[in-house]
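**Student:** Structure incoming, see below.
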Amino acid sequence: MIEDRSCRSASLGVSALPLAGAPRGPLKPMAAPPLVFDRPLARRRLQRAHAGGGFVDFLAHRAAEDLAFRLSTVKRSFATALDLGSVTGHVSETLAQAGGLRIVRAAPGPGLGGDVVADEEALPFAAQAFDLVASVLALQGVNDLPGALVQIRRALKPDGLFIGCLLGGGTLGELRQAFTAAEAEAEGGVSPRVAPFADVRDMGGLLQRAGFALPVADTETVTVRYPHALALLADLRGMGATSTLLDRRRQPLRRATLMRMAAIYHDRFAAPDGRISATFDMIWLSGWAPHDSQQRPLRPGSAKVRLADALGTREIKLPPGEG
């Protein structure tokens with residue numbers, strides 16, 4: 001998908017920073033997760049974006065449309081659903097289209113339109129409370145993604161479905177490159193401005209570790225075009241998605257560095273018409289709470305038909321010591 005965005009009229013301070021994402025890398029069992037994000041600050045940023053009356057919701061709207069399509073392929077009905085962490089009403093509206101579905105919207109903070117306020121890392125719901133949990137563009141900002149997935153699985157009834165979307169590794173790669181080059185050139189060093197996002201290759205394993213059956217992870221790239229990099233930063237501020245890294249640089253971004261970043265961004269990523277592209281890598285996850293009715297893979301060595309017979313070919317045996 002490619003979308004064109006015009007420049008917003010909202011003012012942009014030089015401290016505006018890009019989106020933060022979910023941590024990557026191996027996680028040791030039983031170890032306390034590293035604290036990467038300032039989550040109270042993230043909630044305040046979201047509240048400020050909503051309070052301004054011009055919340056930028058095009059990405060949330062697109063994700064809700066994708067959610068509707070994905071749910072349309074699931075051939076079963078649900079009675080109770082949790083909309084976990086969404087920052088707009090688009091997900092609940094999508095779920096309501098099914099009809100007869102009791103929906104609880106758990107917002108990440110007060111004033112964000114939820115039925116309840118809930119932290120994705122400390123869910124306040126009883127075990128097996130929901131048939132369906134949908135989380136859209138919320139989980140990339142948690143410190144303990146494996147723990148959050150475990151809690152989601154526990155909140156599902158047996159054979160309940162989790163479907164989620166979070167921003168992945170390719171998100172804002174252009175902005176990351178432009179900031180890195182601008183800071184190295186203007187300030188002689190680089191500070192963390194974009195946290196590493198989740199990698200789709202890791203997601204299936206995380207779902208399995210959390211106890212989900214039939215885990216699936218895939219990715220979709222959304223490309224958004226802007227007149228210049230400052231318009232992109234204005235949209236990120238309007239999403240409440242500026243940096244909440246605990247290890248972020250506390251001094252305001254220098255205006256000279258910001259302007260150099262915008263120039264580098266244009267030089268490297270502008271199209272012939274002068275507009276720049278920004279990439280949002282959307283990882284979609286799904287998994288089911290285990291149930292006896294679900295398909296299970298056969299045990300290795302339990303096949304009753306040779307592969308050669310199934311393929312209608314002749315089996316070729318290798319000499320000893322080969323293969």
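The values are calculated or read from the model by the stated rules, or taken from the named source; none is laboratory data. This structure is a prediction, so every number in the text was calculated from the model and none was measured. Here the Cβ positions follow ideal geometry from the backbone for every residue, glycine too, while neighbour counts run over all protein chains shown. Calculation scope for accessible area: heavy atoms of the full protein, side chains included, ligands and nucleic acids excluded. Shrake-Rupley method; radii C 1.70, N 1.55, O 1.52, S 1.80 Å.
**Student:** Return the long-range amide H neighbours of Thr219 (sequence gap of 5 or more, or a different chain), with a cut-off of under 5 Å between placed amide H atoms.
**Tutor:** Those lying under 5 Å, H to H, from Thr219 are Trp284.
**Student:** Right, next: When the Karplus curve 6.51 cos²θ - 1.76 cosθ + 1.60 is applied with θ = phi - 60°, which whole-Hz ³J(HN,Hα) does each residue of segment 85-95 get, with x for Gly and Pro?
**Tutor:** Karplus-based 3J(HN,Hα) across segment 85-95 equals x, 5, 9, 9, x, 4, 5, 4, 5, 5, 5 Hz.
**Student:** Please list, ordered by chain and number, the residues whose modelled amide H lies under 5 Å from the amide H of Val136; skip anything fewer than 5 residues away on the same chain.
**Tutor:** Under 5 Å from the amide H of Val136: Leu84, Ser86, Cys165.
**Student:** Rounded, prolate or oblate: pick one for segment 59-114, where a ≥ b ≥ c are the square roots of the eigenvalues of its C-alpha gyration tensor, a/c under 1.5 means rounded, and failing that, prolate if a/b is larger than b/c, else oblate.
**Tutor:** oblate
**Student:** Something else: Whole-Hz Karplus ³J(HN,Hα) for segment 178-186, in order, using 6.51 cos²θ - 1.76 cosθ + 1.60 and θ = phi - 60°, x for Gly and Pro?
**Tutor:** 5, 5, 4, 5, 5, 5, 4, 7, 8
**Student:** In addition: Using the Karplus curve 6.51 cos²θ - 1.76 cosθ + 1.60 with θ = phi - 60°, what ³J(HN,Hα) values do you get for each residue of segment 118-127, in whole Hz, with x for Gly and Pro?
**Tutor:** 9, 8, 4, 8, 8, 5, x, 9, 5, 5
**Student:** Sorted by mean Cβ packing within 10 Å, highest first, what order do the peptides 85-96, 216-227 take?
**Tutor:** Top of the packing list down: 85-96, 216-227.
**Student:** First compute the accessible area of segment 45-94 with a 1.4 Å probe, then give the percent of it belonging to carbon and sulfur atoms.
**Tutor:** With neighbouring chains kept in place, the figure for segment 45-94 is 54 percent.
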